[in-house]
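The values are calculated or read from the model by the stated rules, or taken from the named source; none is laboratory data. Remember, predicted model here, so these are calculated numbers, not experimental data. Ideal geometry is used to build each Cβ from the backbone, glycine not excepted, and the neighbour counts take in all protein chains shown. The accessibility values were calculated without ligands, DNA or RNA, using every heavy atom of the protein model including side chains. Shrake-Rupley method; radii C 1.70, N 1.55, O 1.52, S 1.80 Å.
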Amino acid sequence: KAPTSVLLMAGSAYAENQQYAKAIAIASSILAKENNWLAYELRAGCYAASGKLIESSRDYEKCASLYNHASVSFLVKAAMMLNRADKPKQALDIIERAIKTPSGKKSTIVYLAQADCYKKQCRWQEAVNSLTEALKYSKSYSENAQNGGNILLPACYKERAFCYQKLGNKALAQADLDALDKYSRGIANEMGAN
């Protein structure tokens, strides 16, 4: 009988205390009455923490359909849950949907997630291609230094170097590791200047 906002606060409190079953029950009671993306998100997180990755993925997909402003983020979360559940092919289908959204076409995080799915299948060249797209949409340190740098850029270089190593291309792997080192030194120099 409590208002949805109160139930969401209670569910969040249970989730924070790692009482996931209680949080899931509260979120499910909200969802029995209304389609609420916050309740789906709460339940998805609790499912993920409980190891119910398929259920978590489904709820994140529901979030994407209900809350368009963050649909790319929710689709990526849904895909990553499936990838963790050893279902990379299904995860790639969701990533393709994310790429087709207006903000997903140029999203570094989408291409990083796509690369993770390819890596899970040992499809190293396709992972390299995805990581190259991710790098294309990541800002370089110098472009983004005033805003604290880009936390995704180092991950892109590191992951692509790993994939190049798997492909046996040591020169390209080393080039990415050198770029990562240069980026890290740029951050260190900037921090030392402050």
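Can you list the helices (runs of 4 or more DSSP H) found entirely within the stretch 1-83 that contain at least 3 residues being over 21 Å from the mean Cα position of the chain (by Cα) and within 30 Å of ASP93 (Cα to Cα)?
20-33
Determine if the stretch 71-80 includes at least one residue that is open to solvent by less than 50 Å² (accessible area, probe 1.4 Å), free of Cβ contacts under 8 Å to residues at least 40 places away in the same chain, under 23 Å from LEU112 (Cβ atoms) and touching a Leu at 6+ places or on another chain (Cβ under 8 Å).
Looking for residues that are open to solvent by less than 50 Å² (accessible area, probe 1.4 Å), free of Cβ contacts under 8 Å to residues at least 40 places away in the same chain, under 23 Å from LEU112 (Cβ atoms) and touching a Leu at 6+ places or on another chain (Cβ under 8 Å), one finds at least one in the stretch 71-80, hence yes.
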